[in-house]
Amino acid sequence: MTEIDKRRYAYEKAIEAYWKHVDRYHTWMNYYSLFNGALFVGFCTLLTATTKINLNTDSIDLINNYDYYTILICIIGVIASICWRLSLSGHMKWEKNWMNIIELYEQSRFGIYTIINMNVSDMEKLTNSFRNHQLSNDERIKAFSTHFITSIFIESIILGWLLYLFIFLYNIDFAGCKCTMVFLSIIFILIYFIRMFYYICKNGFYSDVKGKIWINKFI
């Protein structure tokens, strides 16, 4: 086997390993999303359940005593969503690793995964417009990153579980500390929103193409 054959074999195996990793990623993402969905169904079921009916002169109150179970579901939902977010983060690191390996074995003249063939109008913050330009960290293609959008979605799910958790903790009123719970909840939610806003501003919605070669065929 010649060096070219060995390089081609390693290149094909790297692509095969990359797609196996992507398949496993989809499997785990489905697990976490389905588990969160099941938790939300359980949450809504407990929320609308009735264990006691109070008949008043002008109204009927439907009451249940499932608050502690509902709080437990919210806590599990927060933990499951954080694990979901961490799995996404780990996948992005491994995906980047396998993509770097694939690009390592690609020939510069006949690159597939390394090459970006887009018009100038499809690029953002382009510093150079000459042919075969290697893109830097700030230069991006105007294609929305599915990883980033998924990350924002998961962050929203975490925030939703936390909001429900704070609401139920407030309603239970542990040792008469409602004001403290409201204050801490507002502070925590503000910090969370600031963190999300910083993350969006830092990374942007477009895909990361650092190190890719823009061949600029349209000039």
Before we move on, is Ile73 modelled with pLDDT of 85 or more and touching a Gly at 6+ places or on another chain (Cβ under 7 Å)? yes
List pairs: first in the range 22-41 and in contact (Cβ under 8 Å) with a residue 40 or more places away in the chain, second of a type in the set (A, V, I, L, M), Cβ under 7 Å, 6+ apart or cross-chain? Tyr32/Ala80; Phe35/Ala80; Asn36/Ala80; Asn36/Ile157; Leu39/Ile73; Leu39/Ile76; Leu39/Ala80
Mind checking whether some residue in the range 72-86 is of a type in the set (S, T, N, Q) and buried (at least 16 other Cβ atoms within 10 Å of the Cβ)? yes
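The values are calculated or read from the model by the stated rules, or taken from the named source; none is laboratory data. Remember, predicted model here, so these are calculated numbers, not experimental data. Neighbour counts are summed over all protein chains in view; Cβ atoms, including those assigned to glycine, are modelled from backbone coordinates with ideal geometry.
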